[in-house]
Amino acid sequence: MDQAPKTTALWSALRRGRRDQAIEVLLSIPAAQRQRLRPEVRAHERLVTAHPDSARAPDGEWSGPLRSGHWSAAAAALLACSTVSQAVNYAPLDMPDAFDLPKAFFPDDLDTFVAEWSVRFLRNPKARDRIRGLDAMFDWAHEGLVPAPTQPGAVLCLATGVPGARSGTYLLRYLEQRPCLVQVTFARIFDVDGIEGASLAQRDETTPWRNRRLDNHVIPQLVRRGHWSRQMVLDGIDRALSRGQTPYLQHWFRGLAQIVNR
């Protein structure tokens, strides 16, 4: 079947920065044929991401000033023309693209994204350009598209890396809006050791909201609101301390025990 009209429609959507139109066209093209387009699509994605917001196209590669829609459309095309192993390594992928694009093109492989993204966070939790959008996996879990993740990287990402997570008020609201995370992912904080750049203690030490930390706000509120029991938290603290935490982390867990026992 002649795919020329569809290819023409794709490039039209890319030039105009119409992400959703690009997705619609791409989904109408078989995956094997999409992958043949990857070299051209990759070149286009590299070009648009190399230019700043409002830039004009050197030779008409996009219409009007460059805007976020052009970047989103380019990312959609590149992911659609990639294999799963290529797509899971794409970064950065900002929201809502991080939520929408894997779901559109790899609906049966979202668990692969969760696994790779969890490892990516563990690899370098301070690499902001690499970890943007990883919180999409928590929204997938909330929608029932994947199980609530339990990988160490996912747990630490939820506790320390979700945008706004340094504010306990925000994080508590985020968790309550996604109950599966409260009972599964966040409950794993007692069984996953923190790392440099992503630990419960470091998160609390660096937050500017001193009375909205994990130890003095988020966790006590989860107990007060009936999401967790005090005994569950105390048992979790015992497990964490029995693993031989560093003195820095031991101090945090012992402090949490004192707060919970008040």
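FYI, it's all coordinate maths here, none of it is from the lab. On a predicted model such as this, the values are computed, not experimentally measured, just so you know. Please note: Cβ atoms are built from the backbone with ideal geometry, for glycine as well, and neighbour counts cover all protein chains shown.
Using only Cα atoms, find the angle between the long axis of helix 68-80 and the longest principal axis of the chain, and express it within 0 to 90 degrees, rounded to the nearest 10. Helix 68-80 sits at roughly 90 degrees to that axis. With r defined as the distance between the Cβ atoms of ASP238 and HIS142 and R0 fixed at 41 Å, what FRET efficiency is calculated, to the nearest 0.05? The computed FRET efficiency comes out at 0.85. Note on the chain: helix-only mean residue ellipticity at 222 nm, from DSSP H runs of 4+ residues weighted -39500 (n - 2.57) and normalised by residue number, equals -15500 deg cm²/dmol.
Over the Cα atoms of region 16-109, compute the convex hull volume and normalise it per residue, giving Å³.
On the way: hull volume 8.6 nm³, N = 94.
About 92 Å³ per residue, rounded to a whole number.
Charges were assigned to the Cβ only: +1 to each Lys and Arg, -1 to each Asp and Glu. The resulting dipole of region 16-121 about its Cα centre is roughly 300 debye. Ranked by the mean number of other Cβ atoms within 10 Å of their residues, highest first, the peptides 10-22, 107-119 fall in the order 10-22, 107-119.
Between the helical axis of 230-242 and the longest alpha-carbon principal axis of the chain there is an angle of about 90 degrees.
Could you work out the percent of alpha carbon pairs in region 91-181 separated by over 15 Å, rounded to a whole number? So the pairs more than 15 Å apart make up 55 percent of the total in region 91-181. Each other residue within a Cβ distance under 14 Å of ARG120 adds +1 if Lys or Arg and -1 if Asp or Glu, for a net charge of +2. When each of the peptides 38-46, 216-224, 154-162 is scored by how many other beta carbons lie within 10 Å of its residues on average, the order from highest to lowest is 154-162, 216-224, 38-46.
Using +1 on the beta carbon of Lys and Arg, -1 on that of Asp and Glu, and nothing else charged, what's the dipole of the chain about the Cα centre, debye to 20? Mind showing how you got there, number by number?
Values: 34 positive and 28 negative charges, 138 e Å.
In debye, rounded to 20, the chain gives about 660.
Between SER68 and THR83, the modelled labels are 3.3 nm apart [label points 7 Å from Cα along Cα→Cβ].
Tell me, in nm to one decimal, what length is gained between ARG254 and ALA57 on full extension, where the rule is 0.36 nm per residue of separation less the Cα-Cα distance?
Values: separation 197, 0.36 × 197 = 70.92 nm, distance 5.76 nm.
Using 0.36 nm per residue and subtracting the Cα-Cα distance, I get 65.2 nm.
Relative to the longest principal axis of the Cα atoms of the chain, helix 4-16 runs at roughly 60 degrees.
Given Cα pairs under 8 Å that are at least 6 residues apart, what percent is the relative contact order of region 107-243?
Details: 146 pairs, mean separation 31.1, N = 137.
That works out to 23 percent.
Size of region 141-232: Rg and Dmax of its alpha carbons, in Å, are 12.3, 36.
Based on the Kirkwood radius over alpha-carbon pairs, what value in µm²/s does the Stokes-Einstein equation return for the translational diffusion coefficient of region 144-198 at 25 °C and 0.890 mPa s?
On the way: Rh = 11.4 Å.
My calculation gives 216 µm²/s for D.
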